[in-house]
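The values are calculated or read from the model by the stated rules, or taken from the named source; none is laboratory data. These numbers were taken from a predicted model, which means no experiment stands behind them. Here the Cβ is made from the backbone with ideal geometry for all residues, glycine too, and neighbour counts use every protein chain on show.
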Amino acid sequence: MNTLDNGPSRGATLQTLGLSRAAECVYRTLLGQPDLAVAELAPRLGTDPVAVLGALDELAGLALVSPSADLPGRFRPANPEIGLQALIARRQADLERQQREVANGRLMVARMVSEYTDRVRPDQLHAERLLGMDAVRGRIEHLAVSARTECLSLMPGRAQSQASLDASRPLDEAALRRDVVLRTVYQDSVRNDAGTLAYADWLSAQGGEVRAAPVLPARLLVIDRQIALVPIDAENSRAGAIQFTGTGVVAALQALFDLVWERATPLTRVPQRGSGGLTAQQSQLLRLLGEGLTDEAAANRLGVSQRTARRMMSDLMALLGARSRFEAGRRAAERGWL
């Protein structure tokens, strides 16, 4: 008998922070009845002692319980205000590491496209160059009309032009009528643009899915897991694009999209904040500046103006009570933000 892992959920759980259901049940129980002995936990929770011991090992490894110094055979639960904050900080560190992996994915895509394009003949690569914006837009329109299952896109940079949004609406509408899954990831910076937000609201209301991330690796479109479009020049999308149909390249780009999508958050008008009170965009700005990027380079990566990046940094310094960027970096590190 083991009811720890599949028992009924009581509202929000701590599994999103990496704690198993079994460990959470034991921890909640000890918080309410810290005098229970290990032997008493199993019957109280309706499970076997082995499951309880496994949960206690997990909790001890996370510093959420420790053996009682006064009562042998009992465990003392950590104050949740302290213990769970440490768990949140650890989870935040994991998410930041994953964000760095996404940023590194940008380099991976650029190198992969460059190497394959330069060294492999087009017929072997199953690649086609589309030069200029007219060629790219024409191909996107064709792919949108012919899509059968899904259209996935990464949209780095600042707000979309109204002309681009107006051109996308009928294509998206027709795809959704055919039950094509539409998933789009914008950068957090588009929250400053009413037109893009209004379009995201409309798309979500029609059944599309829209998320946001502070930094995106590159512009990308994947159709039906069979065709992928990436820019010829990641810094200048107007130069044109390369269409890939080779299964290996498309699978790699599909995996990149899936990774970004999993880490992105729903695009709302008010950005979500982490445990330190920072938005994902603010956390990313701290990291970029900590890596030595200039204001201009950091602003470009975030899809915002230099003025906006400087204002964000000024707000962070005020939040940290710092008088210089060096002091801000030190205090952010002390708080576990870096």
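Taking the conditions (1) surrounded by 15 or more Cβ atoms within 10 Å (Cβ to Cβ); (2) out of contact with any strand residue (DSSP E or B) (no Cβ under 6 Å at 6 or more places or on another chain); (3) more than 19 Å from L107 (Cα to Cα) in turn, A234 satisfies each one other than (3).
Being loosely packed, with under 15 Cβ neighbours inside 10 Å and either aliphatic (A, V, I, L, M) or over 26 Å from A174 (Cα atoms) (or both) holds for only one residue in A255, A212, and it is A255.
Yes/no matrix, rows are residues, columns are (1) within 28 Å of S305 (Cβ to Cβ); (2) modelled with pLDDT under 75; (3) not in a helix (DSSP H, G or I):
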| residue | (1), (2), (3) |
| --- | --- |
| R97 | no, no, no |
| R100 | yes, no, no |
| E115 | no, yes, no |
| L143 | no, no, no |
| Q160 | yes, yes, yes |
| D166 | yes, no, no |
| P170 | no, no, no |
| A175 | no, no, no |
| D179 | no, no, yes |
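Among the residues of the range 129-168, those identified as surrounded by fewer than 13 Cβ atoms within 10 Å (Cβ to Cβ), of a type in the set (A, V, I, L, M, F, W, C) and free of Cβ contacts under 8 Å to residues at least 40 places away in the same chain are V145, A163. From the list L53, L59, L71, the lone residue that is surrounded by 12 or more Cβ atoms within 10 Å (Cβ to Cβ), assigned to a loop (DSSP other than H, G, I, E, B) and on the phi < 0 side of the Ramachandran plot is L71.
Once the range 237-252 is narrowed to residues that are touching a strand residue (DSSP E or B) at 6+ places or on another chain (Cβ under 6 Å) and of a type in the set (S, T, N, Q), the residue that is surrounded by the most Cβ atoms within 10 Å (Cβ to Cβ) is Q243.
Which of the numbered conditions does A241 fail, given that it passes all the others? Conditions: (1) within 22 Å of L107 (Cα to Cα); (2) touching a Gly at 6+ places or on another chain (Cβ under 7 Å); (3) among the small types (G, A, S). All conditions are met except number (2).
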